[in-house]
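Below: one structure, written as structure tokens.
Here, each number is a calculation from the coordinates, and none is a lab measurement. For clarity, every value in this text was computed on a predicted model and none was experimentally measured. Glycine gets a Cβ as well: all are built from the backbone with ideal geometry, and neighbour counts include every protein chain shown.
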Amino acid sequence: MPQPDLLEFFDSPAATPFLIEHVQEEFTSVCPKTGHPDFAAITLRYQPRAVCVELKSLKLYYQSFRNEGIFYEAVTNRICADLSERMSPQWLQIVSDWRGRGGIRSRIIASSGHVPQEWLRG
């Protein structure tokens, strides 16, 4: 099971709005239908309110999905919900870019709060 209790945080260093973006290029989970591994790049973008996520703990949290049988959509929404609940950011966006299988690539986007248009990227 994914382990959100692994996540740790530190106080945001600035009161003025700023964007944080973290990219995990080596995310792995398991397809619950086939049992085959799924690979993705996960991009986390957020504007902190009071705290920022600590990177080693984020890596360990992502690794807790490694043997989890879970669909792409559930992965993306679970990460969004876990981080939003624990950080209470101004806004948060998760983009998962899944490597192709059978000629189909998938991109799933989940967000919490109002993501300003000027900070969105394709």
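Count the net charge of all other residues whose Cβ sits under 13 Å from the Cβ of Gln3, scoring Lys and Arg as +1 and Asp and Glu as -1. Show your work: numbers first, answer last.
Numbers: positive: Lys59, Arg66, Arg78, Arg86; negative: Asp5, Glu8, Glu68, Asp82.
Its environment carries a net charge of 0.
For the residue pair Gln90 and Ile20, what label-to-label distance in nm results when each label sits 7 Å from Cα along the Cα-to-beta-carbon direction?
Each label point is offset 7 Å from its Cα along the Cβ direction, giving 1.4 nm.
Return one number: the angle in degrees, 0 to 90 and rounded to the nearest 10, between the long axis of the Cα atoms of helix 72-87 and the longest principal axis of the Cα atoms of the chain.
Tilt of helix 72-87: around 20 degrees.
Which value results when the Cα radius of gyration for the chain is divided by 2.2 N^0.38 Å? Before the final figure, lay out the partial values.
Working: Rg = 14.4 Å, N = 122, 2.2 N^0.38 = 13.7 Å.
My calculation over the Cα atoms of the chain gives 1.05.
Mind giving me the FRET efficiency for Ser111 and Glu54? R0 is 35 Å, r the Cβ-Cβ distance, nearest 0.05 is fine.
Details: r = 22 Å, r/R0 = 0.62.
Result of the calculation: an efficiency of 0.95.
So what is the relative contact order of the chain, in percent, for Cα pairs below 8 Å that sit 6 or more residues apart? Walk me through the numbers on the way to the answer.
Details: 231 pairs, mean separation 33.7, N = 122.
Relative contact order here is 28 percent.
Could you give the size of the charge dipole of the chain about its Cα centre, using +1 on the Cβ of each K and R and -1 on the Cβ of each D and E, expressed in debye and rounded to the nearest 20? It would help to have the intermediate numbers written out before the result.
Values: 13 positive and 14 negative charges, 78 e Å.
It comes to approximately 380 debye.
When averaged across all projection directions, what area in nm² does the alpha-carbon convex hull of segment 52-122 cover? Please list the in-between numbers first.
Details: hull surface 22.6 nm².
Dividing the Cα hull surface by four gives the mean projection, 5.7 nm².
Could you let me know the centre-to-centre spacing of segment 1-33 and segment 41-96, using Cα atoms, in angstrom?
4 Å
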